Amino acid sequence: MPLTHRGREILSRVPGGTLQSTVGVGCEIVRHEELCVGCGKCAANCPSGASERGDFFDVNQLLDAPADSRRGALGGALRRLMRHEPDGPVEVPERVTVYRTIIYHDEKCLGCGTCARGCPAEAIEARPPQADAAPSTASAAAAPEGLRA
Amino acid sequence: MAGAASTAPASAADRKIVAFCCRECAYAAADASANARTPLPPTVRLVLVPCTGRVSPLHLLSVLAEGADGVMVAGCLLGQCHYREGNFNAVDRVAFVQRLLKSVGVEPERCQMFTMSAGEPPKFVAAVREMDRVICGLPPLPRSEAGGTRQAPLAVDAPLTAARGAA
């Protein structure tokens, strides 16, 4: 998505701010996958294409979700029915707007936090860049590896 | 009625099929067929919904997990939804649930979608009998009690607020 003139002006004032740089705008994006409903609003709002709404859904995301989350309710029902582990990702029909896997490209992320503002489930958190080392390590520990998929 | 229900052994009568029927077409057709005293298979339970677009994957899977052997969604003819495109949503959601079931080894035929207009009671009866024939031909749906947590009936909107409060 091309930047407007005003956007380029703002980006030029950000230290080290190029569109493709990892630390462009600088917020740290923490994704709480267990709250995500898979609607893809973050992908629709993302200016750099770092979030992408997938055409498939990994069934393990339902089974791994905690029971008190929205996906966990469906996963709990599925767990009672399942006869073997899921075969793999299932293709999602066009009109099923939730239950999609959101692909997150860490290297494209500007850290602008647009995804966090637009998230209806409050599953994405943008932490400001001036946070010192201690909170950032805590948040890295809070986000398991699977969230970066 | 010469369907499978009358010839199958007594265990077939224990099967349960839940039919989500839209108010405008399928339930009206069911009503008309009942007025004509057409017998329906004893396995089927009708659930009235305003539109099949209201039926979510959570409804369909919960019904199977809570004791039904099959679930069917009956709506208006494609393109004739009274809310314009609710039944297109339902078609895709049913297809999604079928794929979910298939990926964990459950027969996808246990969840099916049928369409009919309000003026076609025989088509509704035929759809229910077809579903009954399919479900009675399958073994009872096994479910494990250990894995899942039982959800309250109206918990469709509750988990999000609960999770938000915890976060």
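The values are calculated or read from the model by the stated rules, or taken from the named source; none is laboratory data. On a predicted model such as this, the values are computed, not experimentally measured, just so you know. Glycine also receives a Cβ, built like all others from the backbone with ideal geometry; neighbour counts cover every protein chain displayed.
Laid out as a table, the results:
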| read-out | value |
| --- | --- |
| Matching residues, segment B:57-79, being of a type outside the set (A, V, I, L, M, F, W, C) and in contact with an Asp or Glu (Cβ under 9 Å, 6 or more places away or on another chain) | B:Asp69, B:Gly70, B:Gly75, B:Gly79 |
| Segment A:68-93, subset assigned to a loop (DSSP other than H, G, I, E, B) and under 20 Å from the mean Cα position of the chain (by Cα), residue modelled with the lowest pLDDT | A:Ser69 |
| Residue tally, condition surrounded by 20 or more Cβ atoms within 10 Å (Cβ to Cβ) and either free of Cβ contacts under 8 Å to residues at least 40 places away in the same chain or of a type in the set (A, V, I, L, M) (or both), over segment B:105-123 | 4 |
| Residues of segment B:73-100 classified as in a helix (DSSP H, G or I) and in contact (Cβ under 8 Å) with a residue 40 or more places away in the chain, total | 4 |
| Test: B:Met113 is within 16 Å of the chain's Cα centre (by Cα), away from every other protein chain (no Cβ under 14 Å) and among the aliphatic types (A, V, I, L, M) | no |
| Check on A:Cys36, at pLDDT below 90, closer than 17 Å to A:Thr101 by Cβ and more than 8 Å from every other protein chain (Cβ to nearest Cβ) | yes |
| Single condition A:Thr114 does not satisfy, out of (1) touching a residue at least 24 places away in the same chain (Cβ under 8 Å); (2) within 23 Å of B:Val104 (Cβ to Cβ); (3) among the β-branched types (Val, Ile, Thr) | (2) |
| Selected residue (only one of A:Ala43, A:Ala50 is within 30 Å of A:Val96 (Cβ to Cβ), modelled with pLDDT of 90 or more and touching a Phe, Trp or Tyr at 6+ places or on another chain (Cβ under 8 Å)) | A:Ala50 |
| Test: residue in segment B:122-135 that is among the small types (Gly, Ala, Ser), in a loop (DSSP other than H, G, I, E, B) and in contact with a helix residue (DSSP H, G or I) (Cβ under 9 Å, 6 or more places away or on another chain) | no |
| Cβ-Cβ under 7 Å pairs, at least 6 apart or on other chains, segment A:69-96 side more than 7 Å from chain B (Cβ to nearest Cβ), far side acidic (Asp, Glu) and surrounded by fewer than 23 Cβ atoms within 10 Å (Cβ to Cβ) | A:Pro89/A:Asp58 |
| Filter result (hydrophobic (A, V, I, L, M, F, W, C) and either within 7 Å of chain B (Cβ to nearest Cβ) or free of Cβ contacts under 8 Å to residues at least 12 places away in the same chain (or both)) within segment A:45-68 | A:Val59, A:Ala67 |
| Among residues of segment A:18-33, those that are under 15 Å from A:Ala116 (Cβ atoms), out of contact with any Lys or Arg (no Cβ under 7 Å at 6 or more places or on another chain) and either modelled with pLDDT under 85 or not in a loop (DSSP other than H, G, I, E, B) (or both), counted | 5 |
| Test: residue in segment B:116-138 that is within 14 Å of chain A (Cβ to nearest Cβ) and of a type in the set (D, E, K, R) | no |
| Extreme residue, modelled with the highest pLDDT, among residues of segment A:97-132 that are in a loop (DSSP other than H, G, I, E, B) and among the hydroxyl-bearing types (Ser, Thr, Tyr) | A:Thr101 |
| Qualifying residues in segment B:45-58 (those that are surrounded by 20 or more Cβ atoms within 10 Å (Cβ to Cβ) and part of a helix (DSSP H, G or I)) - the one farthest from the other protein chains (Cβ to nearest Cβ) | B:Thr52 |
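The rows are residues; the columns are (1) polar (S, T, N, Q); (2) modelled with pLDDT under 90; (3) within 24 Å of A:Glu34 (Cα to Cα).
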| position | (1), (2), (3) |
| --- | --- |
| B:Gly70 | no, no, no |
| B:Leu101 | no, no, yes |
| B:Ser144 | yes, yes, yes |
| B:Thr149 | yes, yes, yes |
| B:Ala152 | no, yes, yes |
